[in-house]
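Working notes, beginning with the structure itself.
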């Protein structure tokens, strides 16, 4: 029964994130020269989040960590949906979970998540500055920082390397090698998949 409840809670979190993204994108237009909008059905995010919930339930995460993960899944689903729909990774989706994770770590006198977030965000920030914001955006930096805080520097490095490889493979397979792509969903997916198999955050 606990497993079913966890799956349902995470599925709902995915749906909430997708709905939040729709609301945020309703007043935004896709960036000129950015990736073209891609319509993804809300049930996709619900199903993906439910799968994360199943993995979390099977790992037996403590209730407090499950609560934090639910907030993170809302953010990750929302970031994916928003980046696909309007090419944005809004602060309203990236900053609250980052602040939450860092605050909980600070309360436990653990500076590791903050250091990891900064370490992981630095190369992304350099990418934004070097590309003039055309290759990466500051939303990607904040999402990467969240990944670093959650996964640690080593885990985030592996996850984001996989994200880059996945983006490359998809771009090559779809003939979009020289066109802009939404990188946020790849970052969010690798963060979520890695978290699904971690016992702690």
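The values are calculated or read from the model by the stated rules, or taken from the named source; none is laboratory data. All of these numbers come straight from a predicted model, not from anything done at the bench. Here the Cβ is made from the backbone with ideal geometry for all residues, glycine too, and neighbour counts use every protein chain on show.
When residue 106 is tested against (1) surrounded by 15 or more Cβ atoms within 10 Å (Cβ to Cβ); (2) without any contact (Cβ under 8 Å) to a residue 60 or more places away in the chain, only condition (1) is not met. Of everything in the range 74-102 that is surrounded by fewer than 17 Cβ atoms within 10 Å (Cβ to Cβ) and in contact (Cβ under 8 Å) with a residue 40 or more places away in the chain, the residue that is nearest to residue 42 (Cα to Cα) is 92.
The single condition among (1) in contact (Cβ under 8 Å) with a residue 12 or more places away in the chain; (2) surrounded by fewer than 21 Cβ atoms within 10 Å (Cβ to Cβ) that residue 160 does not meet is (2). Can we say residue 71 is under 16 Å from residue 195 (Cβ atoms), in contact with a helix residue (DSSP H, G or I) (Cβ under 9 Å, 6 or more places away or on another chain), at pLDDT 95 or above and surrounded by fewer than 18 Cβ atoms within 10 Å (Cβ to Cβ)? In short, yes. Here the condition is being assigned to a loop (DSSP other than H, G, I, E, B), under 14 Å from residue 185 (Cα atoms) and under 15 Å from the mean Cα position of the chain (by Cα); of 81, 88, 75, it holds for 88 alone. Screening residue 7 with (1) in a helix (DSSP H, G or I); (2) surrounded by 17 or more Cβ atoms within 10 Å (Cβ to Cβ); (3) under 13 Å from the mean Cα position of the chain (by Cα) gives one miss only, at (3). Scanning the range 128-174 for residues that are in contact with a helix residue (DSSP H, G or I) (Cβ under 8 Å, 6 or more places away or on another chain) and more than 17 Å from residue 188 (Cβ to Cβ) turns up 128, 135, 152, 153. Each residue in the range 39-53 was checked for being over 17 Å from residue 83 (Cα atoms) and at pLDDT below 90, and 0 of them qualify. Checking the stated criteria, residue 182 turns out to be closer than 19 Å to residue 82 by Cβ and either at pLDDT below 90 or touching a strand residue (DSSP E or B) at 6+ places or on another chain (Cβ under 6 Å) (or both).
Has the range 120-138 got any residue that is within 22 Å of residue 45 (Cβ to Cβ) and in a helix (DSSP H, G or I)? No.
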